[in-house]
Amino acid sequence: GAVVSQHPSWVICKSGTSVKIECRSLDFQATTMFWYRQFPKQSLMLMATSNEGSKATYEQGVEKDKFLINHASLTLSTLTVTSAHPEDSSFYICSAMAGTVGSNQPQHFGDGTRLSIL
Amino acid sequence: DAKTTQPNSMESNEEEPVHLPCNHSTISGTDYIHWYRQLPSQGPEYVIHGLTSNVNNRMASLAIAEDRKSSTLILHRATLRDAAVYYCILRASERDDKIIFGKGTRLHILP
């Protein structure tokens, strides 16, 4: 149980293109999902907290107009990298938690999306 | 946020136990200790978590010091598939549940 699916697993596109990444909780409902990015040989960096039915909360230094997050349902959150440039190339990972906020349940992670901007 | 300190890397032989240490001297009374691991080219995977008592599951054991200022993740019999980066993380039950990753320990398993 508690499977998080991320799509696509990898994408290559030209500079200036906008790219949408989907994160789905397959067998549980997730009020809150999280988006991370990871550069080679570095740790995961939290970008934003995605809340169902409300605006995402972005971490300091993350441009909200660059990284659009939509959490339209209890099982789906999307991250759109707008007008992507080579410096946006990275490994993007989402996570979701079953249970209510504050319940300290484990987070379940997707397998990530490797984004390469040419 | 309370922080954790882990060795950058460790090595272990296959089929032997592995003890991965974590220091968290500024832990608060309501912080849970969580462990995740990340295999190459994958998202992190939950391993185990605990508050005060030692915990066991099918993947590992978690030994928590009596003063809670340190903990140890124990893999009882390492396999090559256990080669990963292991992250020790503190989470407060009354906060917003976001997980902040440190640098973790890169575990190498020698055949």
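Just a few scattered comments:
- Of the numbered criteria (1) of a type in the set (Gly, Ala, Ser); (2) within 16 Å of B:Ile100 (Cβ to Cβ); (3) touching a residue at least 24 places away in the same chain (Cβ under 8 Å), the one A:Gly110 fails is (2).
- Residue match in the stretch A:61-82 (condition: surrounded by fewer than 17 Cβ atoms within 10 Å (Cβ to Cβ) and touching a residue at least 60 places away in the same chain (Cβ under 8 Å)): yes
- Only residues that are buried (at least 17 other Cβ atoms within 10 Å of the Cβ), of a type in the set (Ser, Thr, Tyr) and farther than 20 Å from A:Ser54 by Cα were counted across the stretch A:90-118, and they come to 3.
- Flag if A:Gln42 is in contact with a Cys (Cβ under 7 Å, 6 or more places away or on another chain) and not basic (Lys, Arg): no
- Only one of the numbered conditions (1) touching a Gly at 6+ places or on another chain (Cβ under 8 Å); (2) of a type in the set (Asp, Glu); (3) over 25 Å from B:Gln42 (Cβ atoms) is violated by A:Asp111, and that is (3).
- The strands (runs of 3 or more DSSP E) found wholly in the stretch A:1-98 include none carrying at least 3 residues that are within 13 Å of chain B (Cβ to nearest Cβ), more than 15 Å from the chain's Cα centre (by Cα) and within 18 Å of A:Asp111 (Cβ to Cβ).
- Test: residue in the stretch A:47-54 that is under 21 Å from B:Val85 (Cα atoms) and either touching a His at 6+ places or on another chain (Cβ under 6 Å) or crowded, with 16+ Cβ neighbours inside 10 Å (or both): yes
- Check on A:Gln105, more than 28 Å from B:Thr30 (Cα to Cα), in a loop (DSSP other than H, G, I, E, B) and facing chain B (nearest Cβ under 9 Å): no
- Which numbered condition B:Arg81 fails, given (1) within 22 Å of A:Val4 (Cα to Cα); (2) within 14 Å of chain A (Cβ to nearest Cβ): (2)
- Contact map, the stretch B:24-50: residues that are facing chain A (nearest Cβ under 7 Å) and closer than 19 Å to A:Leu44 by Cβ paired with residues that are crowded, with 22+ Cβ neighbours inside 10 Å and among the hydroxyl-bearing types (Ser, Thr, Tyr), Cβ distance under 6 Å, separation 6+ or inter-chain. Pairs shown: B:Pro44/B:Tyr36; B:Tyr46/B:Tyr36.
- Hits in the stretch B:86-111 - residues which are at pLDDT 95 or above and either within 14 Å of chain A (Cβ to nearest Cβ) or surrounded by fewer than 18 Cβ atoms within 10 Å (Cβ to Cβ) (or both): B:Tyr86, B:Tyr87, B:Cys88, B:Gly104, B:Thr105, B:Arg106, B:His108, B:Leu110
The values are calculated or read from the model by the stated rules, or taken from the named source; none is laboratory data. Just so it is clear, the model here is predicted, and its values are computed rather than measured. With ideal geometry, Cβ positions are generated from the backbone for all residues, glycine too; neighbour counts draw on all protein chains shown.
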